[in-house]
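The values are calculated or read from the model by the stated rules, or taken from the named source; none is laboratory data. From a predicted model like this one, the values you see are computed outputs, not experimental measurements. Glycine gets a Cβ as well: all are built from the backbone with ideal geometry, and neighbour counts include every protein chain shown. Each accessible area value is taken on the protein alone, full model and side chains, heavy atoms only, with ligands, DNA and RNA left out. Shrake-Rupley method; radii C 1.70, N 1.55, O 1.52, S 1.80 Å.
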Amino acid sequence: MTKTGAEHLQSLRDGREVYLDGGKVDDVTTHPAYRNAVRTSAKLYDFQAHPDHVEYMTFESPTSGERVNRCWQLTKSYEELVVRRKAIAAWSRLSGGWLGRSPDHIASSMVGQVMGLPVFERHSPERAAALWEYFQWARDNDVYMTYVIINPQAERAKSTGEQPAEYLATGVVDEDSEGITVRGAKMLGTGSIMANEVLFANIQPLKPGEEKYAISFALPMNAKGLKIMSRRSYEESVTTAYDYPLSARFDENDALVYCDDVKVPWERVFIYRDPDTARAQFQDTYAHYMQNYQAQIRLMVKMQFLVGVARRICETIGTIGMPPVAERLGHMAAQTAMVEGLVYGMESGGGEYNGYYVPDRNLMYTAQVLTQQLYPEFITSMRELAGGGLIMLPSSARDFANPELNALIHATQKSATGSSEEKVKFMKLAWDAIGSEFASRHAQYEMFYAGAQFVTRAHAFRTYDWDQAAQLVDSVLDSYSLEDELDRGGASLAAE
Ligand SMILES: Cc1cc2nc3c(=O)[nH]c(=O)nc-3n(C[C@H](O)[C@H](O)[C@H](O)COP(=O)(O)OP(=O)(O)OC[C@H]3O[C@@H](n4cnc5c(N)ncnc54)[C@H](O)[C@@H]3O)c2cc1C
């Protein structure tokens with residue numbers, strides 16, 4: 001059953017241990033560091049239940065028969081995948097694409113995992129059953145999940161088991177008939193403050209002998225001993241929401257999470273002491289493809305937003321009619337359309353996997369490789385188009401309230417298109433998208449959320465259709481030979 005925004009807010013008042021600025025946060029729904037972002041997440045739930053949206057945003061749960069969000073749908077056809085994408089894009093448009101880990105991201109990962117349930121069954125029928133039961137429960141209760149699948153950055157040249165502390169990465173300390181006890185950290189739980197549950201897993205490879213880290217399980221965010229070490233809040237640091245409209249509302253936060261001897265019941269343990277299945281969880285199921293396909297849909301929306309901002313900058317400062325500016329905008333429009341085209345290509349080029357219809361995996365990795373490089377380039381293009389107008393702005397909205405400053409603002413903030421207020425309002429939005437600390441964190445996010453470049457490029461290498469490329473090379477090589485050339489007495493084909 002889908003939940004309402006109010007129910008989501010209520011679910012976050014659960015005693016979770018969030019730490020910020022030297023203290024524990026009592027209530028994330030009211031704390032100035034998080035309350036607006038949390039409210040943004042609640043709006044997603046109200047949106048899906050609206051009569052105008054319910055048909056495409058939700059589908060009938062095969063177990064409860066009630067409507068549940070489409071992000072949990074195990075798609076069986078191209079048409080289902082497309083409707084599911086429309087639901088993901090509609091949610092994403094509510095924030096202009098600025099929520100990276102909205103509930104549909106990890107739900108997509110879970111969908112990909114259960115599509116590959118036989119991978120888990122090979123490891124252990126009990127653990128696979130736990131995953132399947134958990135999936136159905138999360139789907140039918142509209143659970144907002146985050147995940148932590150990377151071990152803390154300490155010494156990357158060493159493997160997980162060789163790190164300076166035995167429990168730097170989350171590992172098993174004990175087990176009994178009820179479950180396991182885990183200790184240690186994971187990075188980087190985006191959205192931890194506003195999620196209900198967190199999935200622990202390993203996307204980085206583990207070696208034989210590192211079994212204690214080779215685990216996957218889910219915890220409620222208020223699990224006893226689960227500590228959420230929040231990064232600095234951009235939401236809290238803004239002067240006003242008018243000055244930083246994105247930071248103030250869409251700062252989903254990121255957190256290092258630490259398990260201080262947390263007890264995990266067996267029904268929440270999906271992989272136990274098995275490095276190969278820990279790898280297979282993402283690489284041999286459709287998890288990695290589905291989670292990052294969702295991410296590319298979200299990025300498509302964000303690029304559409306950003307290219308709109310880029311054009312508006314040029315209109316505002318009166319450069320839009322200049323041929324080199326139009327040329328640059330044309331290039332950026334093409335880059336945006338490329339991201340859109342890759343999403344559509346993933347869908348139309350998709351195929352069957354264990355009876356489900358899934359997006360094309362190589363095009364997904366192609367999109368990842370290209371967009372993690374494209375994003376910072378795109379931001380640089382926007383900066384180049386903007387010049388100093390992004391900085392030449394009143395210090396805050398409060399300047400408008402001072403009559404003397406107000407007059408000066410009107411005398412100095414001129415634009416090619418609108419009033420002084422309109423210019424200031426828009427340019428502050430543009431700065432928050434491309435230059436603020438929030439914007440800078442987003443550049444880091446788009447460059448890394450799916451793995452560093454050497455990782456995504458390795459996936460693209462692994463999944464590309466090299467046979468087709470090799471056949472083309474061979475067919476040309478086979479069309480001429482040394483013997484033929486010598487028979488012709490060395491006369492080239494071109495000369496014949
Ligand atoms: C804003 C943000 C939000 C995130 N949110 C989440 C989240 O919600 N959940 C989650 O699990 N993770 C999250 N992450 C983590 C993300 O998945 C990782 O940042 C990413 O996988 C890269 O890992 P790393 O940061 O440890 O970088 P590293 O793997 O340490 O790489 C850093 C750099 O070191 C070099 N390098 C390292 N190893 C090698 C190598 N073997 N060969 C060549 N070069 C190498 C490369 O230059 C590389 O770019 C988030 C990250 C960011 C920035």
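Structure above, values below:
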read-out	value
Helical contribution to [θ] at 222 nm, DSSP H n ≥ 4, -39,500 (n - 2.57), averaged over the chain, rounded to 500	-15500 deg cm²/dmol
Per DSSP, loop GluC sites (Glu not before Pro) in region 166-275 with at most 16 further Cβ within 10 Å	166, 178
Test item: Cα-centred dipole of region 215-304, Lys/Arg +1 and Asp/Glu -1 on Cβ, debye	60 debye
At least 27 Å along the helix axis (C-alpha) and Kyte average at least -0.5, DSSP helices within the chain	287-316, 323-348, 361-386
Pairwise Cα inverse-distance average, inverted: Kirkwood Rh of region 227-333 (Å)	18.9 Å
Over 18 Å between alpha carbons, listed pairs 3/302; 207/227; 86/428; 3/43	3/302; 207/227; 86/428
For the chain, the Rg and Dmax computed from alpha carbons only, in angstrom	25.4, 93
Size of charge dipole - the chain - debye, nearest 20, with Cβ of Lys, Arg +1 and Asp, Glu -1, no other charges	1540 debye
Coil-residue trypsin sites (Lys or Arg not before Pro) of region 67-152, DSSP, other Cβ within 10 Å capped at 14	76
Restricting region 42-76 to GluC sites (Glu not before Pro) in coil, as DSSP defines it, with at most 12 other Cβ within 10 Å	66
Accessible-area value, residue 274, 1.4 Å probe, nucleic acids and ligands omitted, Å²	40 Å²
Simple Cβ-charge dipole of region 280-362, Lys/Arg +1 and Asp/Glu -1, about Cα centre, in debye nearest 20	380 debye
Cα centroid of region 383-398 to Cα centroid of region 317-355, whole Å	27 Å
Solvent-accessible heavy-atom area per residue, rounded to whole Å², over the chain at 1.4 Å	43 Å²
For region 5-283, diffusion coefficient by Stokes-Einstein and Kirkwood Rh (Cα), 25 °C, 0.890 mPa s, µm²/s	126 µm²/s
Residue order for 98, 266, 137 - accessible surface, 1.4 angstrom probe, largest first	137, 266, 98
Carbon/sulfur fraction of accessible area - the chain, other protein chains in place, 1.4 Å, %	55 percent
Listed residue (412, 392, 473) projecting farthest to the positive dipole end of region 364-481, Cβ model	412
